[in-house]
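The values are calculated or read from the model by the stated rules, or taken from the named source; none is laboratory data. Nothing here was measured: the structure is a model prediction, and the numbers come from that model. When we count neighbours, we look across all protein chains shown, and the Cβ atoms used for this are built from the backbone with ideal geometry, even at glycine. Quick note on the areas: whole protein, heavy atoms, side chains included, nothing else; ligands and nucleic acids left out. Shrake-Rupley method; radii C 1.70, N 1.55, O 1.52, S 1.80 Å.
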Amino acid sequence: MFNFLKKKNKEVIENSLSKIAALLIHVAKIDQNYTEKEKEIIKKAIIELSSKSEIVDNVLINAEKIEKNSNQILDFTREVKNMDEDSKIKIIEVLWTIIYSDSNADIYENSLMRRLTGLLYLDPKTVGDIKKKIINNLK
């Protein structure tokens with residue numbers, strides 16, 4: 001379980017995870033093609049974040065509602081922005097994995113990742129290195 005989730009009750013944990021998952025869903029939908037493969041990557045990320053597989057379905061349902069009813073990514077990034085650097089990097093790895101789940105990144109996906117890099121106060125080189133790592137893992 002990530003450090004930011006420790007010492008929080010179940011409802012707060014599910015709410016935090018739902019917001020993070022909403023960001024993942026938003027990235028998955030940016031290319032207008034939200035696939036089952038992307039959904040599985042998101043489910044796996046939720047389990048890794050929480051260490052609790054029993055809450056995945058509920059978190060995913062809530063996240064899809066949050067993402068659908070929001071009109072800006074700032075709603076999703078607040079939770080991630082307050083994480084430690086290592087946790088943010090893990091989220092970025094998941095985001096790039098979602099983007100490259102179809103083996104390519106379009107201009108909208110790349111643009112969104114550049115924007116998220118700034119919003120999450122991450123070094124662009126670090127985000128670029130993560131992108132390269134994900135691409136290399138595809139080969």
About the Cα centre, and with charges only on the beta carbon of Lys, Arg (+1) and Asp, Glu (-1), how big is the dipole of the chain? Nearest 20 debye, please.
280
For every helix of n ≥ 4 consecutive DSSP H residues, a contribution of -39,500 (n - 2.57) applies; sum these over the chain, divide by its total residues, and give [θ] at 222 nm rounded to the nearest 500 deg cm²/dmol.
-23500 deg cm²/dmol
Calculate I(q)/I(0) for the chain by the Debye formula, one identical point scatterer on each C-alpha and no solvent, and give its log10 at q = 0.10, 0.17 Å⁻¹ to two decimals.
-0.29, -0.89
What number do you get for segment 79-139 when its Cα radius of gyration is normalised by 2.2 N^0.38 Å, N = residues?
1.05
The chain: relative contact order as a whole-number percent, Cα under 8 Å and 6+ apart:
30
With the charge dipole of the chain built from beta-carbon charges (+1 for Lys and Arg, -1 for Asp and Glu) about the Cα centre, the Cα from ALA63, LEU119, THR35 projecting farthest to the positive end belongs to LEU119
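Over the chain, with the other protein chains present, what is the accessible area per residue in square angstrom, probe 1.4 angstrom?
Values: 7740 Å² over 139 residues.
Per-residue value: 56 Å².
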Quick one: Karplus J couplings for segment 117-128, per residue in order, coefficients 6.51, -1.76, 1.60, θ = phi - 60°, nearest Hz, x for Gly and Pro?
4, x, 5, 9, 6, 10, 6, x, 5, 4, 5, x
Taking a crude spin-label model, label points 7 Å out from Cα along the C-beta direction, the ASP75 to LYS37 distance in nm is 2.9
Within a Gaussian network of the chain (alpha carbon springs, distance under 10 Å), most fluctuating of ILE46, ILE20, ILE107:
ILE107
Taking Cα atoms only, helix 56-69 is inclined relative to the longest principal axis of the chain by an angle, in degrees rounded to 10, of 70
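Are any of the pairs LYS81/LYS139; LYS19/LYS139; LYS10/LYS131; LYS10/LYS68; LYS10/LYS65 more than 28 Å apart by Cα-Cα distance, and if so, which?
Values: LYS81/LYS139 31 Å; LYS19/LYS139 32 Å; LYS10/LYS131 33 Å; LYS10/LYS68 23 Å; LYS10/LYS65 19 Å.
As for pairs spanning more than 28 Å Cα to Cα, those are LYS81/LYS139; LYS19/LYS139; LYS10/LYS131.
Which FRET efficiency, nearest 0.05, do ILE135 and ASN9 yield, Cβ-Cβ r, R0 35 Å?
Values: r = 39 Å, r/R0 = 1.12.
About 0.35, to the nearest 0.05.
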If you line up the long axis of helix 10-29 against the longest principal axis of the chain, both from Cα atoms, how many degrees apart are they, to the nearest 10?
20
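Would you work out the Kirkwood radius for segment 23-77? I mean one over the mean of 1/r across all pairs of different Cα atoms, in Å. Spell out each step's value before the answer.
Numbers: mean 1/r = 0.0863 Å⁻¹.
Radius from the Kirkwood sum: 11.6 Å.
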Most fluctuating of ASN82, ASN62, ASN33 in the GNM of the chain (C-alpha, under 10 Å) is ASN33
Give the peptides 50-58, 109-117 in descending order of average Cβ contacts within 10 Å, highest first.
109-117, 50-58
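Probe radius 1.4 Å, ligands and nucleic acids ignored: give me the carbon and sulfur share of the accessible area of segment 18-100 as a rounded percent. Mind dumping the intermediate values first?
Values: 1790 of 3990 Å².
On segment 18-100, the fraction of accessible area on carbon and sulfur atoms equals 45 percent.
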Helix 36-50 sits off the longest principal axis of the Cα atoms of the chain, rounded to the nearest 10 on a 0 to 90 degree scale, by 50
